Amino acid sequence: MSEHLPASDRTTVRRGAKRAEYGHENILEILRSGSVAHVGVNTSDGPIVLPMVYGVTDDVMYLHGALANSLLKSGMDAEMCATVTIVDGLVIAKTPFNHSMNYRSVVVRGKARVVEDEEEAIHALRLMTDHIVPTWDVTRDPSASEIRATRIVALPLDEKSAKVRTGGAINDPDDVDTAVWSGYIPITSTFGTPVSNDDAGADIPAEVLRAVGRDVHEL
């Protein structure tokens, strides 16, 4: 269990508390290793959760979408919840009741702020573009109209917590001597060989080639 204290009561891990992680740097490491955030808000039609690309600084998670994006529109200056989960393996116990997964997950809650400053908006777009594979510097800059057509919100990393599970199965004492296999199956995702567009106007950038063979969820 983390030696750090939870930021708030609503980000306190209760179920599986021994797997809780509250350390800021450890949570940032998970967020930087993740690739998709599932973001939830209340809308006039009820709650909605959507997967979104994101970027992080030391104290903010940036999210973006089209101006017409109903989730971000409803989330402007409103409470929002974002979760990031990395599945590292399937845990197979001697009974399905004790099956589990190895994972790293983060929950961030807070009031989202609309990014209106152009310099911050460009910085946020660069962070989100480069979050997994750095491609901002090898593509053309977004136009002013493209930036205006994009809604960016900043979710502060003040209220957050993580849960992490590693290792093998936890079997019931009565099952220890049962002649049934138990253990875990690691899960990894790696970048494959890039495939160029028919209209590609240049060779594959070195920044893209460096990703080949790399684990998607390792920094």
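Mind counting the residues in the range 172-187 that are in a loop (DSSP other than H, G, I, E, B), modelled with pLDDT of 95 or more and either acidic (Asp, Glu) or under 30 Å from His4 (Cα atoms) (or both)?
1
Please state which of the following conditions Thr139 fails to meet, knowing it meets all the rest: (1) more than 23 Å from the chain's Cα centre (by Cα); (2) farther than 24 Å from Val216 by Cβ.
(2) is the only condition that Thr139 fails.
Quick one: how many residues across the range 28-53 are closer than 23 Å to Ile152 by Cβ, free of Cβ contacts under 8 Å to residues at least 40 places away in the same chain and in a strand (DSSP E or B)?
8
Please go through (1) free of Cβ contacts under 8 Å to residues at least 24 places away in the same chain; (2) part of a strand (DSSP E or B); (3) under 19 Å from the mean Cα position of the chain (by Cα) for Glu25 and return the number of the only condition it doesn't satisfy.
(2)
Please enumerate the residues belonging to the range 130-147 that are of a type in the set (A, V, I, L, M) and part of a loop (DSSP other than H, G, I, E, B).
Result: Ile132, Val133.
Here is a yes/no grid of residues against (1) modelled with pLDDT of 95 or more; (2) part of a helix (DSSP H, G or I); (3) surrounded by fewer than 17 Cβ atoms within 10 Å (Cβ to Cβ):
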{"residue": "Tyr62", "(1), (2), (3)": "yes, no, no"}
{"residue": "Leu71", "(1), (2), (3)": "no, yes, no"}
{"residue": "Cys81", "(1), (2), (3)": "yes, no, no"}
{"residue": "Leu90", "(1), (2), (3)": "yes, no, yes"}
{"residue": "Arg109", "(1), (2), (3)": "yes, no, no"}
{"residue": "His123", "(1), (2), (3)": "yes, yes, yes"}
{"residue": "Met128", "(1), (2), (3)": "yes, yes, no"}
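State whether one or more residues within the range 3-10 are at pLDDT 90 or above and touching a strand residue (DSSP E or B) at 6+ places or on another chain (Cβ under 7 Å).
yes
Looking at the range 37-83, which of its residues are out of contact with any helix residue (DSSP H, G or I) (no Cβ under 6 Å at 6 or more places or on another chain), under 20 Å from Arg10 (Cβ atoms) and of a type in the set (Val, Ile, Thr)?
Val39, Val49, Val60, Thr83
Here's the yes/no breakdown for (1) within 30 Å of Gly46 (Cα to Cα); (2) touching a Phe, Trp or Tyr at 6+ places or on another chain (Cβ under 7 Å):
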| site | (1), (2) |
| --- | --- |
| Leu71 | yes, no |
| Ser74 | yes, no |
| Val87 | yes, yes |
| Leu90 | no, yes |
| Ala112 | yes, no |
| Val115 | yes, no |
| Glu118 | no, no |
| Leu127 | no, yes |
| Val133 | no, no |
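Out of the residues in the range 188-219 meeting the condition of being without any contact (Cβ under 8 Å) to a residue 60 or more places away in the chain and not in a loop (DSSP other than H, G, I, E, B), tell me which one is surrounded by the most Cβ atoms within 10 Å (Cβ to Cβ).
So the residue we want is Phe191.
Within the range 23-45, count every residue that is acidic (Asp, Glu) and modelled with pLDDT under 95.
Count: 1.
Residues Asp172, Asp158, Asp177, Asp137: which one is in contact (Cβ under 8 Å) with a residue 12 or more places away in the chain, among the charged types (D, E, K, R) and over 30 Å from Ala82 (Cα atoms)?
Only one candidate qualifies: Asp172.
The values are calculated or read from the model by the stated rules, or taken from the named source; none is laboratory data. As the structure is a computational prediction, the values presented were derived from the model and not from experiment. In this analysis, Cβ positions are derived from the backbone assuming ideal geometry, glycine residues included, and neighbour counts consider all displayed protein chains.
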